[in-house]
Amino acid sequence: MKTIEFRSTAPRCPPTGRLVLLAALGAILVPCCALARADGLERQNHSLDRVGTQWSPYIEWSLDNPSFSGNAYELTATATFVHVDSGEKRTTGMFYDGASTWKFRFTGTRTGEWQFTTSSTDQDLDGKVGTVSIRPNPDPKAHGFLTNFGNKWGWTGTEEAFVPQLVMYSSPRHFYGKPEAIDADIETFIVQHGFNGMHVLVLCAWFDIEQDRYDDLAQDANPDPRTFEALELLITKVHAAGGMVHIWAWGDEQRHMTPNKWGKNGKVDKRLQRYLAARLGPLPGWSMGYGFDCDEWVKEGDLREWHCYLHQHLGWFHFLGARDPNPNTPSDPLTQIYEGLDYAGYEQHRPTYDDYVRVIEARPEKPAFSEDRFRVRSGSPYADKDYTPEQTRRGLWHSTMAGGVANIWGYLLEPYWDTYVATGKSGPYPNPEWIKTNAEFFRRRFLKDMVRDNSLTDGICLKSPERSHYLFYKEGASSIKVDLTAMNGAQAAVGVDAEAPYAEIAVGVLESAQHTWTAPHQSDWAIAVGSFDR
């Protein structure tokens, strides 16, 4: 039987539990299932059969297991789903949900029929079979899991590239059981501001939603289901709004925000990792960084083992990474603590356009993340790396025009400082239209095959290889020179003032020639040339 691994862009672990295509499986699947039922596997009057839609929402099953005794979080059980037509296979774990209930979940990445079988040493969880019929999602803009197109972040489903511009959000205990609060924050930060995701620190709340540090936690701690309920709620709501959630699993050892109490990748830690994979793995729309100040307490081998173990249990691919302390000066080496992670993470301080370009070019096969938090605040001992609203606005443009580096942003000036200290959440920015204008300009214009070509302008430029789509940007400008001599035919163009609410100014239809566009006033200007699907 020929096995082909699908969608691998970086050194990763064996594809156990990940997307695998079994080329010959389709021809033998029905006979195998029929044989399995002959051996005693029953459909329980089709009670486990389900109907769903591609990408979302996920589907969930509950199984009763009243006979089990012992630590329920140590019991292992899996469900393996196989797509009948293609042979695509996904294996996901079950998770304990209290009393005598175990659950498992599934998200369909292909339309059509999937068949599943459960497996466990526990007879109440073993040998369950069913069929899932996945239909097309009625939303034409429905997107699935995070992916990448070379060094660009993207979405499966729509196959669109985007640049994660994330806002700092509360720790789980502050939004647990509060769907209305999450909805309100989505309206504020995603709809009104234009951010396309949220950043969450979990820390030791994995084991107790009320705790950030490990000091008062048991030596044999179990996962806290409340923390996972909160994360599920946030992830599904943000994903439905078109965005993503980036999770920092841990903090730093100085503040006791790490798994060191239990041992990195030890028994308690791996118990948590299995629970996390089973419970969050089927949910699209999230990525995870190992934590902050990782260089002070994490070694290459720690990250390798964590990365491999999680991917072996995640039934669906999710980006796992960890930030390196470099680069903060042009002379800093572009290192990574462990090269096998899924994205290149860096602790950059106030990165310039050239800094962003440098990290993108260093590892062109994977996306990059400037994984510090770019905070607007006063009185900080880290004033050399903090931002102003103006620096925030330009940072959004620099990171995108460089080719697409993810960032985390936060506004912490009064009256929002106390909220940040209490919850970790950013306040609204005083000029949300600046962020929204950036988001609107790049919506459906940041194409997955675009490359830099600053030789075409006195500003900076992204262009598509087929020479029919161009994006230009220049700061403090009253005019922009654009060289379109190689353009594939005449194209319409619009200009946008980056310092104003989003409004398109007709530049006109531009021929394949050199042009100088005179702006109505001096500002930071962007020009889009070509017909984009808006």
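The values are calculated or read from the model by the stated rules, or taken from the named source; none is laboratory data. Model, not experiment: these values are computed from the prediction. Methodologically, a virtual Cβ is constructed for each residue, glycine included, from the backbone with ideal geometry; neighbour enumeration extends over all protein chains shown. Calculation scope for accessible area: heavy atoms of the full protein, side chains included, ligands and nucleic acids excluded. Shrake-Rupley method; radii C 1.70, N 1.55, O 1.52, S 1.80 Å.
For the stretch 134-252, a crude dipole built from +1 on the beta carbon of Lys and Arg and -1 on the beta carbon of Asp and Glu, taken about the Cα centre, is about 520 debye to the nearest 20. Its DSSP H runs of at least 4 residues, each contributing -39,500 (n - 2.57), put the calculated 222 nm mean residue ellipticity of the chain at -6000 deg cm²/dmol, to the nearest 500. Could you tell me which residue out of MET257, ILE408, PHE319 lies farthest along the dipole of the chain toward its positive end? Charges go on the beta carbon: Lys and Arg +1, Asp and Glu -1, centred on the Cα centre. Highest projection toward the positive end goes to PHE319.
According to the calculation over all Cα-Cα pairs in the stretch 50-116, the P(r) per 5 Å bin from zero is 4, 16, 25, 21, 14, 11, 7, 2, 0 %. Antiparallel beta bridges, as assigned by DSSP with both residues in the chain, represent about 70 percent of the total such bridges.
Ranking THR80, PHE442, MET244 by how far each Cα lies toward the positive end of the dipole of the chain (charges on Cβ) leaves THR80 at the top.
Taking only alpha carbon atoms, the stretch 481-534 gives an Rg to Rh ratio of 0.97, where Rh is the Kirkwood radius. Within the accessible area of the chain, the carbon and sulfur atoms contribute 50%, probe 1.4 Å, all protein chains present.
Dimensions of the chain along the principal axes, based on C-alpha atoms and rounded to the nearest Å, stand at 77, 54, 43, largest first. Projecting the Cα atoms of LEU303, GLY340, ALA498 onto the dipole axis of the chain, where Lys and Arg carry +1 and Asp and Glu carry -1 at the beta carbon, places GLY340 farthest toward the positive end.
Between the alpha-carbon centres of the stretch 491-532 and the stretch 443-481 there is a gap of 11 Å. Cross-link list LYS89/LYS141; LYS152/LYS463; LYS141/LYS366; LYS178/LYS425; LYS178/LYS237: which exceed 18 angstrom alpha carbon to alpha carbon? Checking Cα-Cα distances, LYS89/LYS141; LYS141/LYS366 exceed 18 Å. With all pairs of separate Cα atoms included, the stretch 316-406 yields a Kirkwood hydrodynamic radius of 13.6 Å. Quick check on the stretch 212-342: take the gyration tensor over C-alpha atoms, sort the square-rooted eigenvalues as a ≥ b ≥ c, and tell me if it's rounded (a/c under 1.5), prolate or oblate. Verdict is oblate for the stretch 212-342. For the stretch 176-255, the Kirkwood hydrodynamic radius comes to 13.7 Å, computed from all pairs of different C-alpha atoms.
With a 1.4 Å probe and all protein chains left in place, how much accessible area per residue does the chain have, in Å²? Per-residue value: 38 Å². About its Cα centre, the stretch 404-534 has a charge dipole of approximately 380 debye under the convention of +1 per Lys or Arg Cβ and -1 per Asp or Glu Cβ, with nothing else charged.
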